[in-house]
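Structure first, commentary second.
The values are calculated or read from the model by the stated rules, or taken from the named source; none is laboratory data. Small disclaimer: the values here were computed from a predicted structure and weren't measured. Don't worry about glycine lacking a Cβ; one is built from the backbone with ideal geometry, like all the others, and counts go over all protein chains shown.
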Amino acid sequence: MAQPAAVGLNARVTRLSDYRQAEGAMPDPRRPELSSREVEVLLAWLAAESKEEAATALFISASTVSTHLARIRAKYSGVGREAPTKAHLLARALQDGYTSLDSW
């Protein structure tokens with residue numbers, strides 16, 4: 001009897017606890033060093049509905065938000081951790097301790 005397709009899907013799902021670092025744990029050596037401004041722009045964009053909304057909240061242009069996001073994505077690519085979508089960037093921010101689910 002064939003297994004349902006969902007079984008294969010569930011095999012890829014991880015727990016949130018897998019993303020949180022234990023107290024005193026060494027950070028991932030592949031974690032890119034984001035500037036404080038990059039983190040600020042990233043978190044504003046993650047909380048916003050659009051780049052324009054994030055830009056308004058930060059008193060910068062949407063083009064500047066796009067530039068910051070492109071640089072953040074390039075830094076993640078540079079350490080072998082692609083982040084092509086907003087969902088990927090949220091996961092990376094959680095994994096790297098730039099934010100927590102409690103903040104959302």
Review point. Do any residues in segment 57-77 that are in a loop (DSSP other than H, G, I, E, B) have Cβ atoms under 9 Å from those of residues that are crowded, with 18+ Cβ neighbours inside 10 Å, where the two are at least six apart or on different chains, and which pairs are they?
Key: ILE60/VAL41; ILE60/ALA54; ILE60/HIS68; SER61/ALA55
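Test GLN3 against the stated conditions and say whether it is loosely packed, with under 11 Cβ neighbours inside 10 Å and at pLDDT below 55.
yes
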Exercise for review: Looking only at segment 19-32, decide whether some residue is under 19 Å from LEU90 (Cα atoms) and either at pLDDT 95 or above or touching a Lys or Arg at 6+ places or on another chain (Cβ under 7 Å) (or both).
Suggested key: yes
Practice item. Read through the list (1) at pLDDT below 95; (2) surrounded by 10 or more Cβ atoms within 10 Å (Cβ to Cβ); (3) under 14 Å from the mean Cα position of the chain (by Cα), then give the number of the only condition that ALA44 fails. Key: (1)
Review point. Which of (1) at negative phi; (2) assigned to a loop (DSSP other than H, G, I, E, B) is the odd one out, the single condition GLY97 does not satisfy?
Key: (1)
Exercise for review: State which residue is surrounded by the most Cβ atoms within 10 Å (Cβ to Cβ) when the search covers only segment 47-56 and only residues that are of a type in the set (A, V, I, L, M, F, W, C) and part of a helix (DSSP H, G or I).
Suggested key: ALA54
Practice item. Among residues belonging to segment 76-87 that are out of contact with any Lys or Arg (no Cβ under 7 Å at 6 or more places or on another chain) and either buried (at least 17 other Cβ atoms within 10 Å of the Cβ) or among the polar types (S, T, N, Q) (or both), point out the one that is farthest from TRP104 (Cα to Cα). Key: SER77
